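Take a look at the structure below.
Please treat every number below as a calculation from the coordinates, not as lab data. None of these values were measured; they are calculated from a predicted model. Don't worry about glycine lacking a Cβ; one is built from the backbone with ideal geometry, like all the others, and counts go over all protein chains shown.
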């Protein structure tokens, strides 16, 4: 039986690739974007199975309106994929106030508003699946992506709590954590104004051999099968890493964290006071 999939940020990158994969196999897709030009080719190819909607996910009322239009059009929504977002690159000190607010509005609040808009419909249906686009940088962080990581850490916490809240209502939640992929994500990103004090740190960071490895960025088209499998499984996981780079690094990072906490355990326990 075909599914009805709602995808934000679907005019390019993962969103567009996944929308086309769903449509190609016979699903219905509601695709949103701030720029409708990126959706016109799908509208001409897929006809009635495709509903394009202009949407700025930072506008909470518009998120509720888009979900209502999608539900009225297809009569149901099985899966909501919160994919829309942006990036900010630069050291923490370099980040300007507006860029910081913009990235939280898009990556965190946009996800929150879409989630809140979809939940009444999914609850009423008694089934649904919310897929939140986080990142490997929501598992660990490194220099120059602090603001981006902060938004994805926030999405992780929000979604982990959400999964516990809705598990008895027939609604599943999955946090998708891609490592780096060769998409056009940089076109939706802001580069902070550089401060010379961080030039050496940046040069050393990006001189690391991993950044020049031939396979540092995955092929975004290779992710479609994983996403199709994810929406079809009866018991989807809370978290799903995409790509081969993130898991080894996450294993290293978490082992290091556990060792550090253990080394300070006596201080931690004494601080409890009882």
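Here are the numbers:
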| quantity | calculated |
| --- | --- |
| DSSP-defined beta bridges in the range 4-245 - what % are antiparallel, rounded to 5 | 0 percent |
| The range 1-148: radius of gyration over Cα atoms, expressed as a fraction of 2.2 N^0.38 Å | 1.08 |
| The range 1-88: mean projected area of Cα convex hull, nm² | 5.4 nm² |
| Rounded tilt (10° steps) of 110-125 against the dominant C-alpha axis of the chain | 50 degrees |
| Alpha-carbon spread of the range 217-274, three principal axes, descending order, Å | 51, 29, 10 |
| Rounded FRET efficiency, nearest 0.05, which uses the C-beta distance separating residue 24 from residue 244 and R0 of 25 Å | 0.50 |
| Residue-averaged 222 nm ellipticity for the chain, from DSSP H runs of 4+ at -39500 (n - 2.57), nearest 500 | -13500 deg cm²/dmol |
| Over 37 Å [Cα-Cα, the chain], rounded percent | 16 percent |
| Sorted by Cβ neighbour density within 10 Å, fewest at the top, the residues 201, 42, 36 | 201, 36, 42 |
| Highest to lowest packing among 3-12, 118-127, 26-35, scored as the average C-beta count within 10 Å | 3-12, 26-35, 118-127 |
| Order by protection proxy (mean Cβ within 10 Å, highest first), peptides 81-90, 225-234 | 81-90, 225-234 |
| 0 to 90° range, to nearest 10: angle between helix 13-24 axis and the chain longest Cα axis | 30 degrees |
| Full-stretch length increase - residue 200, residue 116 - with 0.36 nm per residue and alpha-carbon distance subtracted | 25.9 nm |
| Theoretical FRET efficiency, 1/(1+(r/R0)^6), r = Cβ-Cβ of residue 2 and residue 124, R0 22 Å, to 0.05 | 0.65 |
| Estimated translational D of the range 161-200 in µm²/s (Stokes, Kirkwood radius over Cα pairs; 20 °C; 1.002 mPa s) | 147 µm²/s |
| Contour excess over end-to-end distance, with Cα ends at residue 232 and residue 270 and 0.36 nm allotted per residue | 8.9 nm |
| Gain upon complete extension [residue 169, residue 217; 0.36 nm per residue less C-alpha separation] | 13.5 nm |
